[in-house]
Amino acid sequence: MKRYAPALFVIGVLIAAWLWWPTAERAVRARISELVETMSPRPGESDLERLARLSRPGSALAPDITVVVDDERRIEGREAVIGAVRPIVQGSRVSHVDITGLDVTVGTDGRSATATLSVRVDERHHELRLRLVRPSSTWLVQHVEPAVALARPPLAR
């Protein structure tokens with residue numbers, strides 16, 4: 001058994017490295033989770049703490065971000081998006097933000113990614129599609145739009 005110990009150790013290290021090695025997909029997931037965590041209110045938080053926390057999402061947004069609200073409304077630019085979101089979160093109208101069903105696809109170039117996720121804001125659910133870019137070492141959200149659910153084909157009789 002002693003002669004196999006070094007080999008078993010090396011195999012263990014390789015498996016651990018494979019499981020925890022940072023990948024682009026993990027980085028995108030972490031960036032989205034960080035953004036949702038920043039938007040989530042905290043119990044007992046003072047107004048000053050809330051204001052400081054709400055200034056952080058800007059670092060996760062591309063300067064030219066576009067948020068499609070519906071067919072007729074779009075919000076363009078980092079400052080405009082932060083300005084639109086800040087009163088909603090700052091005014092304590094939101095008590096809980098959570099994500100589920102996060103699906104990430106990284107482009108072959110390694111510099112773009114698409115994420116589809118379900119966001120629950122209090123009791124409302126939203127399906128969103130995000131396009132992220134990595135101009136340097138950090139992933140930035142560049143485009144947000146409602147995800148359109150695919151219609152199911154009719155059942156064969």
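The values are calculated or read from the model by the stated rules, or taken from the named source; none is laboratory data. The structure presented is a predicted model; accordingly, all values stated were derived computationally and were not measured. A quick note on method: Cβ atoms are made from the backbone with ideal geometry, for glycine too, and the neighbour counts reach across all protein chains shown.
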#### Entry: Any hit, the range 34-52, residues being modelled with pLDDT of 85 or more, surrounded by 17 or more Cβ atoms within 10 Å (Cβ to Cβ) and closer than 20 Å to PRO146 by Cα
no
#### Entry: Selection count where residues are closer than 17 Å to VAL69 by Cα and in contact (Cβ under 8 Å) with a residue 24 or more places away in the chain, scope the range 117-145
10
### Query
Of the residues that sit in the range 112-143 and are of a type in the set (Gly, Ala, Ser) and surrounded by 14 or more Cβ atoms within 10 Å (Cβ to Cβ), which one is farthest from ARG26 (Cα to Cα)?
SER118
### Message
Condition check: assigned to a helix (DSSP H, G or I) and modelled with pLDDT under 70. Does ILE88 satisfy that?
### Response
yes
### Task
Kindly indicate whether any position in the range 6-25 is surrounded by 10 or more Cβ atoms within 10 Å (Cβ to Cβ) and modelled with pLDDT of 85 or more.
yes
### Task
For the range 61-85, name all the residues that are at pLDDT 85 or above and surrounded by 14 or more Cβ atoms within 10 Å (Cβ to Cβ).
LEU61, ALA62, ILE65, THR66, VAL67, VAL68, ILE75, GLY77, ARG78, ALA80, VAL81
### Message
List pairs: first residue in the range 93-110 and of a type in the set (Ser, Thr, Tyr), second residue modelled with pLDDT of 85 or more anywhere in the structure, Cβ distance under 9 angstrom, at least six positions apart or on different chains.
### Response
THR100/LEU117; THR100/SER118; THR105/GLU25; THR105/ALA113; THR105/THR114; THR105/ALA115; THR105/THR116
### Top-ranked residue of the range 115-144 - restricted to ones that are polar (S, T, N, Q) and over 24 Å from GLU79 (Cβ atoms), ranked as modelled with the highest pLDDT
THR116
### When residues of the range 31-45 are limited to those that are free of Cβ contacts under 8 Å to residues at least 40 places away in the same chain and not β-branched (Val, Ile, Thr), the one farthest from VAL106 (Cα to Cα)
GLY44
